[in-house]
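The values are calculated or read from the model by the stated rules, or taken from the named source; none is laboratory data. Here the structure is a predicted model, which is why all the values come from computation and not from measurement. Cβ atoms come from the backbone with ideal geometry, glycine included; neighbour counts cover every protein chain shown.
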Amino acid sequence: MTTSPLMPRFASHRALASVIGIVMVCGALPCAAQTSLPPLSPSLLPSSAGAPELRAQLTPREYTTLSSEMAGRIDHVGTRVGEHFRKDDVLVVFDCAQPRAQLAKAHAVATQADKTFAINQRLVVLKSIGQLELDVSAAEVQKAKADVAVAEAVASKCSISAPFSGVTVDQKARDFQYATPGQPLLDILDDHALEVELIAPSRWLSWLKPGYAFQIAVGETEKIYSAKITRLGGRVDPVSQSIKVIGEITGNAPELMAGMSGRATLTPP
């Protein structure tokens, strides 16, 4: 049997048509040879409301470093890291034997000056001394009162009280350590009033105002909290075209701590 030279061409055409048919069927119906793609990870999807998310951090409204105002030995540190305290609690006590002695001396000198002035007032009436001596004794009274005020101011620095209620986050000095003026002793913060700080695009200023509500998902607690904007930064960064935004948690969330971070979701109007 003689093979026609057109047979290979027809065979190749039939093979190509078969491949095209299989591709069309797999595109219209599920095909066993077709590999299904995995769904997108939720972390790659926008928020459920389609609103942009911004990184946010929880910061304390009040925090400070307590420093020594005098040179002296520390008698006692009344708080440790992680311990809570109330406003006006004594946190640090210094050895104040010398300042208290100077205060007692100043009070004694003031008493002496008062008595001298009282006697000179009677002597002036009797013409025993002149007006100049009376004026000098009056000046001595004022000088003694000023010395008492100075001694009281020094003695008042013998202890450091808490300026607000909060928690100790760092202890930089120990009992019986000698402190110098200006030396940091304790880092404290108010853990009851936390703020939410984030950086937002400056183009949002047309609708981003104090009182605007938003939500923040905190990573450490894996919870979502309601919050509102309390104030905006004082200037726009011209390089990044952004502005600092400060907010606060509206509900009661005692589990939150300063330094926690998360994602803030702000829905444009």
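Of the residues T111, T65, which is modelled with pLDDT of 95 or more, assigned to a helix (DSSP H, G or I) and on the phi < 0 side of the Ramachandran plot? Walk me through it before giving the result.
Values: T65 fails: assigned to a helix (DSSP H, G or I).
Exactly one of T111, T65 is modelled with pLDDT of 95 or more, assigned to a helix (DSSP H, G or I) and on the phi < 0 side of the Ramachandran plot, namely T111.
Among the residues that make up region 216-223, is at least one of them β-branched (V, I, T), closer than 13 Å to L266 by Cβ, in contact with a Leu (Cβ under 6 Å, 6 or more places away or on another chain) and not in a loop (DSSP other than H, G, I, E, B)? It would help to see each step written out before you state the result.
Filtering region 216-223 down to residues β-branched (V, I, T) leaves 216, 218, 221.
Retained after the next criterion (residues that are closer than 13 Å to L266 by Cβ): 216.
When the remaining residues are screened for being in contact with a Leu (Cβ under 6 Å, 6 or more places away or on another chain), the result is none.
Scanning region 216-223, I find no residue that is β-branched (V, I, T), closer than 13 Å to L266 by Cβ, in contact with a Leu (Cβ under 6 Å, 6 or more places away or on another chain) and not in a loop (DSSP other than H, G, I, E, B), so the answer is no.
Can you confirm whether R55 is touching a Ser or Thr at 6+ places or on another chain (Cβ under 8 Å), among the charged types (D, E, K, R) and part of a strand (DSSP E or B)?
Against the criterion (touching a Ser or Thr at 6+ places or on another chain (Cβ under 8 Å), among the charged types (D, E, K, R) and part of a strand (DSSP E or B)), R55 qualifies.
Considering only residues that are at pLDDT 95 or above, surrounded by fewer than 20 Cβ atoms within 10 Å (Cβ to Cβ) and not charged (D, E, K, R), which ones fall in region 183-198?
Q183, P184
If only one of D135, D170, D114 is charged (D, E, K, R) and within 36 Å of the chain's Cα centre (by Cα), which one is it?
D170
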